[in-house]
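The values are calculated or read from the model by the stated rules, or taken from the named source; none is laboratory data. All values derive from a computational prediction rather than experimental measurement. Cβ atoms come from the backbone with ideal geometry, glycine included; neighbour counts cover every protein chain shown.
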């Protein structure tokens, strides 16, 4: 099956954006690798805050327009309850997030490999393919350890993925 090649010209603003984004991803990735449980709990807490906020906003919309319809209150109720469960049980939240991450790593892996092959022969295409392949390996490892190892695997694997994506961006920022 033939691959199409993408011609990419990296101008100075794009080069700076790739470099700066790559640096931020490398730093976040290293933090996730060093403190995986902290990153896992932080992600679960962030998700809980977002769910609670969505529930409150949805509840306001129901209050403003559909307050007499009892079924309309189901969505805000579910969002707030899920957010509170994640808030009070971040370990279980990390396991649930782990399941979503398995899907993410699988999709990210296939997309990274395809994109890297499309970038060939630009400098950095190999890193992009490697990053995609590493995401596939992480997904397979995660499948083997889920849900028992989810609390620290979520942070570790997100850290590794961010680190590799950051390195790929740094190498791509040097493309001509």
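Values as computed for the structure displayed
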{"read-out": "Odd one out for residue 171, checked against (1) more than 23 Å from residue 29 (Cα to Cα); (2) crowded, with 17+ Cβ neighbours inside 10 Å", "value": "(1)"}
{"read-out": "Residue list for the stretch 16-40, restricted to those being farther than 12 Å from residue 158 by Cβ and either touching a strand residue (DSSP E or B) at 6+ places or on another chain (Cβ under 9 Å) or surrounded by 19 or more Cβ atoms within 10 Å (Cβ to Cβ) (or both)", "value": "18, 22"}
{"read-out": "Unique match (being touching a helix residue (DSSP H, G or I) at 6+ places or on another chain (Cβ under 9 Å) and at pLDDT below 90) among 98, 22", "value": "98"}
{"read-out": "Out of 146, 125, 152, sole residue that is touching a helix residue (DSSP H, G or I) at 6+ places or on another chain (Cβ under 8 Å) and within 20 Å of residue 46 (Cα to Cα)", "value": "152"}
{"read-out": "Top-ranked residue of the stretch 74-95 - restricted to ones that are out of contact with any helix residue (DSSP H, G or I) (no Cβ under 6 Å at 6 or more places or on another chain) and surrounded by 15 or more Cβ atoms within 10 Å (Cβ to Cβ), ranked as modelled with the highest pLDDT", "value": "85"}
{"read-out": "Exclusive hit being surrounded by fewer than 22 Cβ atoms within 10 Å (Cβ to Cβ), closer than 22 Å to residue 31 by Cα and modelled with pLDDT of 85 or more, set 136, 106, 117, 164", "value": "136"}
{"read-out": "Residues of the stretch 39-66 classified as part of a helix (DSSP H, G or I) and farther than 16 Å from residue 88 by Cβ, total", "value": "13"}
